[in-house]
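Structure, as structure tokens:
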Amino acid sequence: MNNLSIFRAISQRRFEECKSFAPAHTLHTLLLAMLVFLALSAQAQVITPLQQKALNAHVDYANQSADEMTAVVKSIIDYYPSLKQKRSWGPPRYTCPVQLEEYYAKTALALQKNIPATSLAKIQPAMRALQDAAAKIDEQCKALDTYHKLEDYKQDNFAKALTIIENIPPLLKSYKEKQRALNTALEDAYKKLNAGAPQGVYAKSDAAIRRQVQAERNLIDQWTFNIAREVHTGWPVEKLEASIMQTDQALVSLKSSTPALKYPASSMWTSFQGSLSDILEEKRRGLDQYTYEAKKSDEYSNRVYMDLINYFNGGVLTNYNTFLQFSEGNGYHGLKAIKYFPLYEIRTQSQVENISVKPFEDIPHHAVSFPPAKTAITTNAFIVLTEYIEFLNETWRQVNHLQLIVGNFSSSAAYYKNIDDYSRHGAMQFDFKGLEIPLSSYQKVVVDSKVLPPLASKTFNDQATVILNILKEMNEQCASLAVDVKERKYEQDRLGNTYKVLERMAKLFSTWDERKEVLYIDLRAYFDSHPVAAPTDNWYISGKALLNLTDLDREQLFKAKAYYLGNANVVISTEKIDATLRDVIANEYTNMKGIEKIGRNNGNCPYTPYEDLPKNSKTLSEHLQKLKPAKEGFYDHPYHSMVYMYNEIADDYNKFCDLSKTIPHLKVVKQPELFQLASPKEKMGEQKKPAAQPNISVKAAEAPASVTAQSNRGSGTPPPASQSIKVVHDTVYIERRDTVTIYAGDENLRSMEGYATNNLVLLLDVSGSMNTPEKFPVLKKSVLDLISMMRAEDQVSIITFSSKPKVMLDAISFKEEEKIKKAIESLKSSGKTDGDAGISLAYKVADEHYVRGGNNRIILATDGEFVLNDATLSLIQKFSTQDIYLSIFNFGKGMGSSKNLEKLAHLGKGNYEYIAKENVDVKLIREVKAKRK
């Protein structure tokens with residue numbers, strides 16, 4: 001008997017007692033009161049722990065069953081491609097991966113006695129239906145298993161296997177319907193049993209989280225896995241965009257209202273937000289990386305689908321259910337949520353992507369002035385301004401990458417333009433896989449800009465829209481060029497259309513450069529219109545000093561660009577730069593007074609960017625003073641070293657901005673390479689030279705119109721940039737008689753022209769401590785980004801080590817992208833570190849694939865020190881004399897995490913680098929460009 005039944009019995013007994021001596025009208029009044037009290041008591045019903053346990057036992061069964069269905073689907077996904085491949089090495093194999101578990105079902109059935117009959121009448125059939133649906137799928141799985149064991153495929157050439165694979169999708173859809181039916185029955189029962197529970201802080205928190213769990217589930221419902229992955233059938237991009245906005249807004253709402261929960265439930269409120277951030281970032285990556293290349297098949301769509309399911313089950317759902325578990329200790333009893341499992345289909349109807357090119361839609365820019373504000377800028381407004389800068393810097397990264405691709409292609413086009421007979425030459429090649437349009441970044445900044453005044457938000461958003469539109473046209477132009485080249489249409493018009501596209505691309509690069517400066521100047525003007533909250537704060541004083549120097553560097557860099565674009569009357573002056581950088585250095589301890597100096601080996605030390613910025617500024621000044629006409633050869637253009645050093649300065653300043661604790665500093669935008677098309681009338685790569693030498697002056701020069709006056713305040717942002725470029729091993733004499741030279745930043749950063757063939761061994765520490773956002777994910781992204789600039793002759797090996805080393809890839813070409821990507825994406829961290837075994841194996845692999853005259857280099861990526869025995873140290877020293885070098889990437893943050901590692905790199909005659917997300921790309925590129933031909 002439940003609580004309500006007991007209460008009713010007691011009430012009836014009391015009524016009978018009163019009736020024997022009470023007057024009739026009193027009895028009537030008492031009866032009404034009792035009825036009202038009974039009604040109120042029914043509404044006040046609260047679920048008991050036993051009832052909650054019974055309902056959640058059914059959820060536990062559903063989750064176990066969902067895991068089983070997931071295993072079956074993944075086994076089919078892995079198996080199906082083998083049926084389409086040539087099988088010279090033997091027939092494909094298949095084993096049913098699961099045995100249906102009965103424990104959870106039996107537990108749920110045993111606890112059903114605690115559920116009221118009315119609710120159980122719906123739960124029981126729903127439970128049985130789900131079990132039956134799972135059994136039917138299991139039957140097909142085992143039939144395929146048995147089919148392989150009997151080797152019946154020899155008689156029908158896998159016809160039955162294909163039939164079974166086609167039978168499973170409708171069964172999965174039926175299973176999904178049964179899963180939803182059980183979930184609905186459980187939710188209805190929970191609501192009835194808990195109808196009168198007070199809406200306290202735990203109930204409200206539960207409701208807020210559960211709404212978002214359902215919202216994330218709704219997005220994944222929009223598509224399925226296509227096992228005919230070579231076909232592109234499209235995916236719900238618009239729904240993904242809407243989901244990104246919804247999740248972002250939900251995350252803001254959750255963060256802005258922290259409920260008064262007790263520990264440990266309070267910790268799961270924060271953990272849930274973290275898992276929501278993770279799935280949000282995955283959706284943003286999914287949107288931005290849905291490129292022209294990704295639309296050639298369903299490989300990309302499939303990967304995003306499975307990744308979202310993993311993030312949902314492993315993060316969002318797990319944290320929610322754990323929150324409910326921890327809330328039980330505070331008297332709240334909630335209903336857990338059921339896991340998601342994937343569906344698959346065989347879709348062969350290709351969705352044709354029409355490639356149409358239309359000029360970007362322009363929005364005229366009108367000069368604006370922002371009246372002086374009376375108060376300091378708000379935190380929310382500053383965050384939005386920073387998001388705009390990050391959007392601009394992301395477009396810079398994409399444009400810089402595309403400039404290299406288009407520039408290289410224009411050199412080929414210049415050669416092919418003068419060919420008389422194309423039949424005697426191979427086809428041209430054009431590939432722009434790396435281009436990503438930052439749609440999610442744009443989307444976020446437009447939504448978040450609502451906190452700004454209407455004039456500011458409209459001005460900024462109009463220009464951000466134009467910049468995005470420019471990138472979209474770049475993508476369309478490149479797609480049309482890729483089709484033109486693939487179909488060899490250039491042979492019919494002798495590259496007529498090819499050059500139209502190339503000239504348009506050059507114009508788009510220039511227009512993007514102009515517009516990004518316009519937006520940056522407006523952002524600076526709005527930011528500077530606000531007074532500084534604490535002008536005597538040392539974070540402000542030091543940041544202002546760095547910004548003044550950065551602005552001077554930017555001013556002279558723009559003049560150098562003008563000169564190389566044909567203005568020979570440019571006057572270059574480095575006097576102010578030199579004087580200012582001396583002041584920055586001389587006043588370091590005055591400017592930084594009271595700011596903690598953690599140490600150069602700690603990525604969070606503000607002294608590192610403060611000290612590196614003037615050093616890099618000095619190097620830029622030296623390059624500017626040597627300004628001279630460009631020589632023949634696109635990759636040796638003097639401007640490359642100048643813009644490279646300026647971007648190092650920008651990274652230093654931006655890093656300082658990120659570390660500023662009390663004063664907001666607005667970051668700066670990075671600058672692109674100088675882009676010029678190779679002309680077919682000139683030698684390949686030849687640059688047009690200005691008519692006269694530039695004027696090099698020690699006098700101060702006026703800033704060009706596009707550069708704002710120096711700000712009277714500081715502002716900035718991070719990337720712990722690399723230190724001044726230096727020759728680490730200028731010339732090393734070795735037994736194999738090769739020489740080593742280190743990239744000095746004097747040419748296009750991403751060009752491999754003129755550099756030795758790489759025999760690169762990535763030795764990756766996959767111990768558990770590497771499993772943090774600023775370590776493994778950063779390294780993975782950098783390695784994948786490196787692929788786009790490497791040549792077919794460059795080879796890479798990947799070795800992982802924790803308790804035991806393992807060769808993931810053994811000396812394959814960088815052009816085998818899919819193998820490299822698969823290996824990188826499969827990396828997982830766990831276990832402890834065994835450095836001796838890992839390093840020994842790395843040298844063995846490097847030696848086996850040694851390239852004479854090449855860049856034979858091991859890159860050890862780790863986050864902490866480990867003890868090596870004498871034999872390993874002797875091995876490192878031995879191979880350092882035989883042209884195989886050891887460089888070390890340290891992802892650790894502690895001051896003590898570098899001493900032995902630095903000595904180890906020195907012993908291996910390689911480089912020691914502290915790594916953060918802002919500098920890993922540059923550091924890795926330096927390693928592959930460590931030796932010239």
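Taken together, the values in this text are just the output of simple stated rules run on the coordinates, not laboratory data. Quick caveat: nothing in here was measured; it's all calculated off a predicted structure. Cβ placement follows ideal geometry from the backbone for every residue including glycine, while neighbour counts extend to all protein chains displayed.
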Item to complete: Select from region 444-529 those GluC sites (Glu not before Pro) which occupy a DSSP coil region and have at most 16 other Cβ atoms within 10 Å, ordered by residue number.
Response: 487
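Between residue 433 and residue 113, what's the calculated FRET efficiency when r is the beta-carbon distance and R0 is 56 Å? Round to 0.05. Before the final figure, lay out each step's value.
On the way: r = 60 Å, r/R0 = 1.08.
After rounding, the FRET efficiency stands at 0.40.
For a quick check of your reading of the filter: which GluC sites (Glu not before Pro) in region 212-244 sit in a DSSP loop and have no more than 16 other Cβ atoms within 10 Å? Intermediate values should be presented prior to the final figure.
On the way: sites: 216, 230, 238, 241; in loops: 230.
Of the GluC sites (Glu not before Pro), the ones in loops of region 212-244 whose Cβ has at most 16 other Cβ atoms within 10 Å are 230.
How high is the FRET efficiency between residue 425 and residue 222 when r is their beta carbon distance and R₀ equals 56 Å, given to the nearest 0.05? List each step's numbers first, then the result.
On the way: r = 47 Å, r/R0 = 0.84.
The pair residue 425/residue 222 has a calculated efficiency of 0.75.
Using 0.36 nm per residue, how much length does the chain from residue 328 to residue 260 gain when fully extended, once their Cα-Cα distance is taken away?
Working: separation 68, 0.36 × 68 = 24.48 nm, distance 1.53 nm.
Computed gain between residue 328 and residue 260 is 22.9 nm.
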Item to complete: Starting from the Cα of residue 167, step 7 Å along the direction of its Cβ; do the same at residue 933; then give the gap between the two resulting points in nm.
Response: 6.0
Discussion item. On a full-extension model of 0.36 nm per residue, what is the gain between residue 870 and residue 837, subtracting their alpha-carbon distance, rounded to one decimal in nm?
Written reply: 10.6 nm
Worksheet item: Using 0.36 nm per residue, how much length does the chain from residue 587 to residue 136 gain when fully extended, once their Cα-Cα distance is taken away?
Response: 154.7 nm
Worksheet item: Across region 198-353, how many lysine pairs, 8 or more apart or on two chains, come within less than 20 Å at their alpha-carbon atoms?
Response: 10
Response to the item:
The answer for residue 344, listing residues at least 5 apart or on another chain whose modeled amide H is closer than 5 Å to its amide H, is 225
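As an exercise, identify the GluC sites (Glu not before Pro) in region 589-634 lying in DSSP coil whose Cβ has no more than 14 other Cβ atoms within 10 Å.
On the way: sites: 596, 611, 622, 632; in loops: 596, 632.
Of the GluC sites (Glu not before Pro), the ones in loops of region 589-634 whose Cβ has at most 14 other Cβ atoms within 10 Å are 596, 632.
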Discussion item. I'd like the FRET efficiency for residue 82 and residue 184, computed as 1/(1 + (r/R0)^6) with the beta carbon distance as r and R0 of 51 Å, rounded to 0.05.
Written reply: 0.85
Worksheet item: Ordered by packing density, taken as the mean number of other Cβ atoms within 10 Å over each peptide's residues, highest first, how do 105-118, 346-359, 163-176, 651-664 rank?
Response: 651-664, 163-176, 105-118, 346-359
Discussion item. What distance in nm separates the two pseudo spin-label positions at residue 628 and residue 604, each 7 Å out from Cα along the beta-carbon direction?
Written reply: 4.8
Worksheet item: Which lysines does residue 516 reach when only Cα atoms under 18 Å apart count, and residues fewer than 8 places away in its own chain are ignored?
Response: 444, 458, 472, 507, 559, 561, 667, 670
Worksheet entry | Inter-site label distance for residue 195 and residue 253 at 7 Å from Cα along Cβ, in nm | 2.7
